[in-house]
Every structure is written in C-alpha cells, then in structure tokens.
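First the structure, in the form of structure tokens, and then the observations on it.
What follows is calculated from the coordinates using simple rules that are stated; it is not laboratory data. Remember, predicted model here, so these are calculated numbers, not experimental data. Please note: Cβ atoms are built from the backbone with ideal geometry, for glycine as well, and neighbour counts cover all protein chains shown.
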Amino acid sequence: MKRKSIVAVAVAIVAGVSYAQYPIMDLVADKVVQKYQSASCEQLWANKGKHGPEEQRLIGMLREDPQMRQAFFNRIAGPVMNKMFECGMIP
C-alpha cells in the first residue's frame with residue numbers, strides 16, 4: 001500500500017509540474033475540451049478543418065515546442081477522441 005501512495009504522489013507532482021509549465025497552453029487545452037464536450041456532432045462536422053486565428057497561433061506554438069505539444073495532447077486526447085468517436089469522426 002505504501003508503494004501505491006508513493007506512486008500516486010509522484011504522478012500528482014509530475015502532473016502539477018506539467019500544468020504549471022505551460023499555463024497559457026493549459027487554458028487553451030481546457031477551452032478545446034470544453035468546446036468538444038459542449039458541441040453537437042453536427043457542429044463538429046460543420047467546423048471540421050476550420051481554424052480561427054487563435055487556433056492557428058496555437059498550432060504554430062505546438063509545432064515549435066515538442067514538449068508543449070506532448071503536454072497539450074495529453075490533456076485533450078481522452079475527451080476529444082471520445083467525442084470524435086461518438087460522432088463517427090474516427091473509426
């Protein structure tokens with residue numbers, strides 16, 4: 001049981017460091033997750049491939065910083081992929 005506690009603390013610390021390392025990216029990731037969770041499938045299909053200026057800027061930042069890109073994908077992957085699967089956007 002003690003080992004599980006140590007692992008849980010280590011995971012929490014790493015997650016906290018990742019969260020504090022990219023505060024703006026964290027806000028944007030939260031916004032992306034919110035967008036996917038609140039959008040209907042029809043809305044997602046209609047907006048597929050369309051990127052506004054804020055999204056373009058984020059894409060540029062993610063291309064320049066592989067560590068930030070990994071942190072961003074780790075934050076959004078679950079919720080976004082689940083919604084896309086529910087909407088038939090991925091197999």
*Based on the Cα gyration tensor of the range 23-86, what are the three equivalent ellipsoid semi-axes, each the root of five times an eigenvalue, rounded to whole Å and given largest first?*
20, 14, 10
*When C87, C41 are ordered from fewest to most other Cβ atoms inside 10 Å of their Cβ, what list results?*
C41, C87
*For a footprinting-style exposure proxy, rank F72, F85 by other Cβ within 10 Å, fewest first.*
F85, F72
*At what distance in nm do the modelled label points of A39 and N74 sit from each other, each positioned 7 Å from its Cα along Cα→Cβ?*
2.5
*For Q21 and I90, calculate 0.36 nm times their separation in residues minus their Cα-Cα distance, and state this gained length in nm to one decimal.*
21.7 nm
